[in-house]
1. With the Cα gyration tensor of the chain in hand, convert its eigenvalues to equivalent ellipsoid semi-axes via √(5λ) and list them largest first in whole Å.
2. Return the loop-located trypsin sites (Lys or Arg not before Pro) in the chain (DSSP other than H, G, I, E, B) with at most 14 other Cβ atoms within 10 Å of their own Cβ; answer none if there are none.
3. Within the range 3-36, list the chymotrypsin sites (Phe, Trp or Tyr not before Pro) lying in a DSSP loop whose Cβ has at most 12 other Cβ atoms in a 10 Å radius.
4. Rounded to the nearest percent, how much of the accessible area of the range 11-61 (1.4 Å probe, protein heavy atoms only) is carbon and sulfur?
5. With the dipole of the chain worked out from charges on the C-beta (+1 for Lys and Arg, -1 for Asp and Glu) around the Cα centre, which of Ile45, His20, Phe69 lies farthest toward the positive end?
6. Leaving out ligands and nucleic acids, note down the accessible area per residue over the chain with a 1.4 angstrom probe, in whole Å².
7. May I ask you to derive the relative contact order of the chain, considering only C-alpha pairs under 8 Å and at least 6 residues apart, and to give it as an integer percent?
8. With Cβ to Cβ distances under 9 Å as the rule, what net charge do the other residues near Val61 carry (K, R +1; D, E -1)?
Amino acid sequence: FVAPSGYTYSRFSVGQRVPHELIGMQLNDYQNYALVTPPSGLVWIRNGRDALLVDGNTGEVIQADNDLFD
């Protein structure tokens, strides 16, 4: 995982909004981590050790799987 330039890790909870820069960090191999296929309009992103299911337009966190990655 390589964060966008100038970004400092923050843990996000359901209902919070991630910065727009993180939405571009889509996790396309989510099946490898036993994550469900995201419904239309939602995307999985990686934020440090966490996988977040977010609304692709607003950045609202729908689901947070913390510490999924070593």
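The values are calculated or read from the model by the stated rules, or taken from the named source; none is laboratory data. Since the structure is predicted, the reported quantities are computational estimates derived from the model, not experimental observations. Quick reminder, even Gly has a Cβ in these numbers, built from the backbone with ideal geometry, and neighbours come from all protein chains shown. Each accessible area value is taken on the protein alone, full model and side chains, heavy atoms only, with ligands, DNA and RNA left out. Shrake-Rupley method; radii C 1.70, N 1.55, O 1.52, S 1.80 Å.
1. They are 16, 14, 11 Å, listed from largest to smallest.
2. Sites meeting the loop and neighbour criteria: Arg11, Arg49.
3. Tyr9
4. Numbers: 1300 of 2810 Å².
Accessible surface attributable to carbon and sulfur in the range 11-61 totals 46 percent.
5. His20
6. Each residue of the chain exposes 60 Å² on average to a 1.4 Å probe.
7. The value is 33 percent.
8. On the way: positive: Arg17; negative: Asp55, Glu60.
Every neighbour counted, the sum reads -1.
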